[in-house]
Amino acid sequence: MAEKQSPAITTESIEEALHRLSKKPGVKAWLMLDRTNGAVLKTNGQISLIRPARSSNSKTSLPSPTGGSFSTDVNVNTDNETQAAQELASMVWSFLSTAGSLVDEIDSEDELKLLRLRTKKQELVIVPEAKYLLVVVHDTPPV
């Protein structure tokens, strides 16, 4: 019997998956961040409605992407939206770094696979992959 090979993950297949994700009920927004530096690669949804930009000169802003396998366009319409996405990305990057350090301290042979942060209003699901981080913000379902 021939072995069944898994399909290759391409930029096109990722773009299609992100498009489907955007259409799921309850999904407010998502961000795709560069895994090496946390720069915003892509966004979808209105980040500024989730967390409005706090300042026009954020000292915690992350670098802009320098290239890679994904589009470097941040899909936003205003500077406020761009600023809000960069500030949220910076907070997620800090949270992920802290959580990764915790995992390393507990067991240096283990690795972080998924983070879920649930609040009364929404839930952030953070999925670290080899080249990028996917952050999905969705409604918190009623209990």
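The values are calculated or read from the model by the stated rules, or taken from the named source; none is laboratory data. Keep in mind that what you see is a predicted model, and the values were worked out from it rather than measured. FYI the Cβ positions are ideal-geometry reconstructions off the backbone, even for glycines, and counts take in every protein chain you see. Only protein heavy atoms, including side chains, enter the accessible area calculation; ligands, DNA and RNA are left aside. Shrake-Rupley method; radii C 1.70, N 1.55, O 1.52, S 1.80 Å.
Among the candidates Lys113, Lys120, which residue alone is without any contact (Cβ under 8 Å) to a residue 60 or more places away in the chain, open to solvent by 90 Å² or more (accessible area, probe 1.4 Å), among the basic types (Lys, Arg) and in contact with a Pro (Cβ under 8 Å, 6 or more places away or on another chain)? Outline the logic, then answer.
On the way: Lys120 fails: in contact with a Pro (Cβ under 8 Å, 6 or more places away or on another chain).
From the options Lys113, Lys120, the qualifying one is Lys113.
Test Leu31 against the stated conditions and say whether it is on the phi < 0 side of the Ramachandran plot, surrounded by 11 or more Cβ atoms within 10 Å (Cβ to Cβ) and modelled with pLDDT under 90.
When the stated conditions are applied, Leu31 does not pass them.
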